[in-house]
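Reviewing the structure listed below.
The values are calculated or read from the model by the stated rules, or taken from the named source; none is laboratory data. Only a predicted model underlies this, so the values are computations on that prediction, with no experimental measurement involved. Ideal geometry is used to build each Cβ from the backbone, glycine not excepted, and the neighbour counts take in all protein chains shown.
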C-alpha cells in the first residue's frame with residue numbers, strides 16, 4: 001500500500017491545468033518509483049481544515065507516515081531523501097543549492113511575469129517593463145550556466161524537477177525563445193517518462209471533474 005499521499009485541488013480552471021504544482025511531487029515520486037495516492041481538497045470553498053494543512057490555502061501538501069509537509073520545494077527535498085536517485089551524498093549540496101535557486105532566484109522573477117502574461121498585459125508600463133527585464137536578466141545567467149550541461153548537478157535530481165517546472169511556465173508564453181540552452185535543457189527534462197506520466201495524470205484528473 002502506498003504510504004505517500006499528495007493532496008491537491010479537486011478542480012481548477014482550464015488555464016492552469018498541467019501546471020498545478022502537485023505535478024512536481026508526482027514527477028519526483030514517479031522518478032523514484034515510489035507508489036503514492038492522490039487526495040483532493042476543495043478549490044472553490046476552502047474550509048478551515050485546509051489551512052491547518054497549508055496555511056496559505058494552496059496545494060500541494062505531502063503526507064507520509066506521521067508527517068505532513070507543504071511547499072513544493074520542501075516536499076521535493078523530503079522525497080529525494082527517500083531515494084538515492086534524486087539526491088546523493090556526493091551531490092547533495094549542489095542539488096540543494098539549485099533547488100533553492102529554482103524557487104528563489106528564477107521563479108521569483110518568472111512568476112510576476114507569467115501573471116502579467118496570463119492577464120494579457122501589454123508590457124507598456126514602466127513596472128511591467130521592469131518585471132520583464134528582471135526575468136530576462138535571470139534567464140540570461142541560467143542560459144549561460146546550462147551551456148554544455150545536461151543537468152544542474154551532474155545527474156538528474158529534484159533540482160531539475162523544480163527548475164524545469166519553473167521554466168515550463170515561462171516557455172508557455174515563448175519566454176525562452178532567445179535562450180537556446182534553457183530550451184534544450186527543458187526539452188530533455190520533459191521528455192522523461194516520469195514527467196509525461198505525471199503530466200498525463202494531472203490532466204486526466206481535471207478532465208474527469
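Just the residues that are over 14 Å from the mean Cα position of the chain (by Cα), under 16 Å from residue 71 (Cα atoms) and surrounded by fewer than 19 Cβ atoms within 10 Å (Cβ to Cβ), please, taken from segment 1-34.
If the condition is that a residue be over 14 Å from the mean Cα position of the chain (by Cα), under 16 Å from residue 71 (Cα atoms) and surrounded by fewer than 19 Cβ atoms within 10 Å (Cβ to Cβ), then 5 is the only one that fits.
Yes/no per residue for (1) touching a strand residue (DSSP E or B) at 6+ places or on another chain (Cβ under 9 Å); (2) touching a residue at least 60 places away in the same chain (Cβ under 8 Å); (3) farther than 26 Å from residue 13 by Cα; (4) not assigned by TED's automatic domain parsing to the domain that holds residue 71:
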| site | (1), (2), (3), (4) |
| --- | --- |
| 113 | no, yes, no, yes |
| 122 | no, no, no, yes |
| 129 | no, no, yes, yes |
| 202 | yes, yes, no, no |
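Evaluate segment 99-111: report whether one residue or more is farther than 30 Å from residue 36 by Cβ and either surrounded by 20 or more Cβ atoms within 10 Å (Cβ to Cβ) or at pLDDT 95 or above (or both).
Yes, segment 99-111 contains at least one residue that is farther than 30 Å from residue 36 by Cβ and either surrounded by 20 or more Cβ atoms within 10 Å (Cβ to Cβ) or at pLDDT 95 or above (or both).
What helices (runs of 4 or more DSSP H), lying completely within segment 1-104, carry at least 3 residues that are within 20 Å of residue 168 (Cα to Cα) and touching a helix residue (DSSP H, G or I) at 6+ places or on another chain (Cβ under 8 Å)?
Once the helices (runs of 4 or more DSSP H) in segment 1-104 are filtered for at least 3 residues that are within 20 Å of residue 168 (Cα to Cα) and touching a helix residue (DSSP H, G or I) at 6+ places or on another chain (Cβ under 8 Å), what remains is 22-32, 72-80, 92-101.
Conditions tested, residue by residue: (1) surrounded by 14 or more Cβ atoms within 10 Å (Cβ to Cβ); (2) assigned by TED's automatic domain parsing to the domain that holds residue 115; (3) closer than 30 Å to residue 40 by Cβ.
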{"position": "132", "(1), (2), (3)": "yes, yes, no"}
{"position": "137", "(1), (2), (3)": "no, yes, no"}
{"position": "140", "(1), (2), (3)": "no, yes, no"}
{"position": "148", "(1), (2), (3)": "no, yes, no"}
{"position": "153", "(1), (2), (3)": "yes, yes, no"}
{"position": "164", "(1), (2), (3)": "yes, yes, yes"}
{"position": "172", "(1), (2), (3)": "yes, yes, yes"}
{"position": "177", "(1), (2), (3)": "no, yes, no"}
{"position": "181", "(1), (2), (3)": "yes, yes, no"}
